[in-house]
Structures are given as structure tokens and as C-alpha cells.
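Student: Let me begin by handing over the structure; questions about it come next.
The values are calculated or read from the model by the stated rules, or taken from the named source; none is laboratory data. This is a predicted model, so every value here is computed, not measured. When we count neighbours, we look across all protein chains shown, and the Cβ atoms used for this are built from the backbone with ideal geometry, even at glycine.
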Amino acid sequence: MTPAADAPRVSAVIVSYNAREHLLRCLAALEAHAGVPVEAIVVDNASADGSAEAARAAFPAARVIDAGENIGFSRANNLGIQEARAPYVLILNPDAELRPGCLSTLSGLLDRRTDVGLVGPRTLSADGTVQVSFGEGLTPWLEWRQHGLVVGVRARRPGALQRAGEAARREREPGWISGACVLARRSALEAVAGFDEGFFLYEEDVDLCLRLRRAGWRIVFTPAAEVVHHLGRSVASDPWRSRLEYHRSHLRFYRKHNGALQTALLRAHLVAGAVTGLLRALGPGADRREGRAHHREVLALALGGSRT
């Protein structure tokens, strides 16, 4: 990684929360990208696993910012972006590892195509299978189609893997690209005021891509660059909270972009799911109690409470 005195070409912003071992592997993969001057900025959301201390010890050239509390993905990324010195900003999950040549390919594309505001690579699982890392938008119909593909890929169904693999073989301009790994032009991020901090976790990347496109920037997916994403590891420490924040972000996105009718449909869907979950969680045991508490929170959220 680039020493502080040198001018970086890329500022890598990594938001970390209790992901110590993944963070260290992520930083090691980033450091291996010779030829691209890069500064690493780690924003630690009050991890309890020694992430910040380990990163400082193993990678002294990296800047580690202690957020002081878990301020969420959007706000923490904006904090890192404010500290960035490079013209390009890499948004990178701690459970993502850049493959050789990834950063030079992404930055080279932004160099050549000045109308592109954000570019993302092909995203792979550890076993080399393609993940679903881009899509056309968030509407009930598009989500239904995408959900079937995502479930099929995670279940390693041959048809779904083939469809996902074929889709990720060619460059395209999708509606959104996963924020697990994207390289953005800093001027483009500044033009739309960065991430919407109303999204604590999830769908902030879809919202960002939509706002960039509306501001006139192009969004590009390229299979010429690759990243390995250990999917879901960055939120595994608190799965109930993660699920609740997903539903909260989902509602926020629909309210912000999809209108009253689609938002009402989503609320009805969440109510039905929460009631079903409550019934299935009836009975004794700590796991069932946690499940009931979670579904009650989702129900309150869907009915209009809990800062939706």
C-alpha cells in the first residue's frame, strides 16, 4: 500500500464490524496489487474482536478510523470517503479479496471512459462459482426474478449457475452493482453526496447506483476483473439484527423510489411473513424466544413503527 507521503491513485474504504480475520486477508490481497498506488482506509464500527488493533499492527500503512460505535455501512463509508485523497474510491467489504489485476483493470476502465461513475467486477464464491452481484432494479417483479436466481445459485442448482455464469460473462450496464466491491470516481460520489445515511445496512448500494444514473453517470459491470466474496461473513456476528436492518432498508428504498402502491404491497408481504414467523416460533426455548422477538420487531416495522 502507498505510504502516506505518496499520492495514491485509489483510496480503498473498508468498513469493518467484527470481521478480524477476513479484514486481514482483505488488506493482504489489497497490498499485493503492485502497480496501482493505493491507500487503505479502514473504518471500524466498534468491533469487539480486536479488528482495529490487528489491522494497525499488521498493516501500519493503512489508516484505521475508530467510529466509536456501530454507525452503519453507509455512514461509515461516507466517513472513509471524506478521508480519501485519491481520485478513485474503492468500496470494499472486509470479506472480499481482490484477485490479481482487479484494481488495475477497474481503474483503467475509469481512466478510459470518463462518463462512467462506478464500475464493479465479477464476484465469485470461494469455490469459483459466480455470485449474483448486479441487477436491474428493485421492484416486486424484478425482485421475484432475482430472488429465484440468487436462491438457485446458493443451492448450486445447475440451471441457476449456468444462467448466472452466462450473465456475468459480458460487460453490461445494469441498474445496480453490489457494494461488496465497486470502484467509483470520487467526483461522482461527491456529486450525489455519497451514500444515503438513512440506510444502516443493505440496499444503500442499489440506492447509490440509482442516484448516480439519475445524475448522468454510467454504471458498468465488467467480467475482466474479479473479486472473491465470502458472502455473508461480515454480518454473521449478529444475524437477527442484520435481518431486521434488511427489512428496514427494503422499506426505505421502496418509500424513496417506488411509490405508495408498491410500498403498501411490501408492507403487506412483511406482515404476512412476520405473522407466519411468530406462529412457527411458538413454544419453549431460547431460539424460539429470540425468533418471536425478531418477528414482533418486523411486524412493528411493517405496520409503520420503528423509524421506517
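Student: Does T114 fit the bill of being surrounded by fewer than 20 Cβ atoms within 10 Å (Cβ to Cβ), modelled with pLDDT of 95 or more and not basic (K, R)?
Tutor: yes
Student: Of the residues that sit in the stretch 236-295 and are of a type in the set (D, E) and in a helix (DSSP H, G or I), which one is surrounded by the most Cβ atoms within 10 Å (Cβ to Cβ)?
Tutor: Quick first cut of the stretch 236-295, residues of a type in the set (D, E) only: 238, 245, 287, 290.
Next, only the ones that are in a helix (DSSP H, G or I) stay: 245, 287, 290.
On the way: E245: 19, D287: 10, E290: 13.
Here the residue is E245.
Student: What's the number of the only condition in (1) under 23 Å from T139 (Cα atoms); (2) at pLDDT below 95 that E203 fails to meet?
Tutor: (2)
Student: Then there's this: Could you list, in sequence order, the residues of the stretch 272-308 that are within 22 Å of L201 (Cβ to Cβ) and aliphatic (A, V, I, L, M)?
Tutor: Here is the first cut: in the stretch 272-308, the ones within 22 Å of L201 (Cβ to Cβ) are 273-274, 277, 290-291, 293-308.
Residues satisfying the conditions are A274, A293, V298, L299, A300, L301, A302, L303.
Student: So which helices (runs of 4 or more DSSP H) stay within the stretch 145-227 end to end and still have 1 or more residues that are basic (K, R) and exposed (fewer than 15 other Cβ atoms within 10 Å of the Cβ)? Reasoning before the result, please.
Tutor: On the way: elements: 158-167, 186-191, 204-214.
Ranges flagged: 204-214.
Student: Output the qualifying pairs, or none if there are none: Cβ atoms under 9 angstrom, residues six or more apart or on different chains, first residue in the stretch 51-72 and on the phi > 0 side of the Ramachandran plot and touching a residue at least 24 places away in the same chain (Cβ under 8 Å), second residue buried (at least 17 other Cβ atoms within 10 Å of the Cβ) and not aromatic (F, W, Y).
Tutor: Short answer, once both residue conditions are applied: G72/V15; G72/N45; G72/E197; G72/L201; G72/E204; G72/E245.
Student: Still on this structure: Output the number of the condition that G108 fails; it satisfies all remaining conditions of (1) under 19 Å from the mean Cα position of the chain (by Cα); (2) free of Cβ contacts under 8 Å to residues at least 60 places away in the same chain.
Tutor: Of the numbered conditions (1) under 19 Å from the mean Cα position of the chain (by Cα); (2) free of Cβ contacts under 8 Å to residues at least 60 places away in the same chain, the odd one out for G108 is (1).
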